[in-house]
Amino acid sequence: MKWLFVTTEFPWPILHGRWLRVYHLARVLCAQGDEVSVLSCQADDPGIEAYAQIDVKVIPGLQHPHIVKGPARCWLCPYAFDADMARTIESCAGQFDTIVLSGSRMLQYSVETSAAEYTVAEFVDDPILEMKRRLLRTLNPFHWARQIKELMGQSRYERAFLDRVTVSTFVS
């Protein structure tokens, strides 16, 4: 089976749980004979070497940092849309059986994965649950209004794109 992991930033060094999951899932899949590739923004040489040691291919192409500010893909969407990332995913999607979109921010690119047989949305921590917790802790009405807007945007975002994935996983 051919897998593609898509991440906002290159998952190296392993500094948090999402990169830990990508690295070890890729390592285990390669060990069982599957082909695994990683697509992200700005891969660096030590990271490429670390993944090469476990037989994971790094797809070149996106040499800019992931866009965090700018126009969104849908109304109230909490994440900026990176057209270069979308084009790159769409151009290589047909080469893979399964595409894993790592993190909530990547869910919007499920539109471009339709050529793959399966699309997996991999969530680490629940942004909606965290927003609800922040909402309950704030007493400032301006912060409360902003939290409501973010909560509505995240909910709308997930409803807009979750129906395009085959499977969703959640880790906390």
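Values quoted throughout were computed directly from the atomic coordinates according to the rules given, and no laboratory measurement underlies them. Predicted model only: the values in this text are computed from it and were never measured. Note that we place each Cβ from the backbone using ideal geometry, even for glycine, and neighbour counts take in every protein chain shown.
Sparsely packed loop sites in the range 41-114 (the chymotrypsin sites (Phe, Trp or Tyr not before Pro) outside DSSP H, G, I, E and B with at most 12 other Cβ atoms within 10 Å) comprise W75.
One quarter of the surface of the convex hull around the alpha-carbon atoms of the range 4-92 equals 6.2 nm², the direction-averaged projected area.
What do you get for Rg/Rh of the range 113-158 when both radii come from the Cα atoms and Rh is the Kirkwood radius? Don't jump to the answer; show the numbers that get you there.
Values: Rg = 14.6 Å, Rh = 12.3 Å.
Across the range 113-158, the Cα-based Rg/Rh ratio is 1.19.
Over every Cα atom in the chain, the radius of gyration and the widest Cα-Cα span, Dmax, amount to 16.6, 55 Å.
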